[in-house]
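The values are calculated or read from the model by the stated rules, or taken from the named source; none is laboratory data. Predicted model, so just to flag it, every value in this text is computed and none were measured. For neighbour counting, all protein chains shown are included, and Cβ atoms are generated from backbone atoms with ideal geometry for every residue, glycine included.
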Amino acid sequence: MKKMFLILLLLPGMVFASAYNYSVRMMWVGDAEMQLIMRHPENIKEAENTIASRDCYSGNKSPDWGVKDITSDNPRWSSYRDGVTNIQEIVAEDLFDVGNYKIIARCLNNADPEKPFEGTKVFIDTLLWKGVPGDREIVTLNAVYGTQTWPIIKESDYKNLYTRILKFKYVKSGLGKGKYSIYANYATNLDRDDITTNTYFKVYLNNEQVYRDTGNWEWNKKQTVFHVHKPWTVKVWRNDSKREIKVRGVADGAYHSVDVYCNLVLGRYIGTNSFFVPKNGKYVFKEHDYLHPKK
């Protein structure tokens, strides 16, 4: 049996003294009225010259993205000056939502007409994306008046695991605590070797991160079954005929007669499911009802 110990994340602090893995900055000098926006994948097709419902910008400085009420996966907008340089910045520790994010630099149409800004250069730096230093984009304002936008597309750090929760069980074990059992499958068409179970595993239930492992995985000789031991037990099967995840452990919370929003993060994959847990604390996926819903 092999063992392996890995660092959870490539820390951006190795280059920048920061806890963030995502950092986008816009800088300019002059009287142009600029606006930096990070657009959620859900709104990627919205018009670039309008504000979308989930945009992160000056009017919505820290929207709740990713897992509900978890702040570490929310972007944060800020504005400041460094001498004569105007700066707007959006940072995030993590971005769980799967899809493409759009960075929009916008020159607003209500800039002071008495102070033309034609020829002003704007620098848009992707300081970090997925923890890796990015590129610089330079745009030049060519019109004295009117709205202009410059979009940059950035791919999500996560791929869809396409999980389905097959069984979920909650049993109260103490004051405010309970024992959890989660059984799920994931997409069989994913590249088996791309399911990087040797990096980290996280479990989110509603508003709480109930489990997080930073490595120390063990596996069988064929490398088809990966697992970690107590205080939580996690097993991941990744052979050609079985793509399953089993999780057991103890955490705070109570799940009786409630809807549960579950996120399983496996390496750089994330699976999201919602399901209702009855009064007895047990949920079972009923395939027949799923394939043949009642009218």
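A few comments on the model shown:
- Test for Tyr261: is it surrounded by fewer than 18 Cβ atoms within 10 Å (Cβ to Cβ) and within 23 Å of the chain's Cα centre (by Cα): yes
- Just one residue in the set Tyr186, Tyr283, Tyr269 is over 23 Å from Asp97 (Cα atoms) and either buried (at least 19 other Cβ atoms within 10 Å of the Cβ) or not assigned by TED's automatic domain parsing to the domain that holds Arg164 (or both); that residue is Tyr283.
- Residues that are part of a loop (DSSP other than H, G, I, E, B) and either out of contact with any Ser or Thr (no Cβ under 9 Å at 6 or more places or on another chain) or β-branched (Val, Ile, Thr) (or both) were ranked within region 48-62; the one that is nearest to Val24 (Cα to Cα) is Asp55.
- Ser241 out of contact with any helix residue (DSSP H, G or I) (no Cβ under 7 Å at 6 or more places or on another chain), assigned to a loop (DSSP other than H, G, I, E, B) and polar (S, T, N, Q): yes
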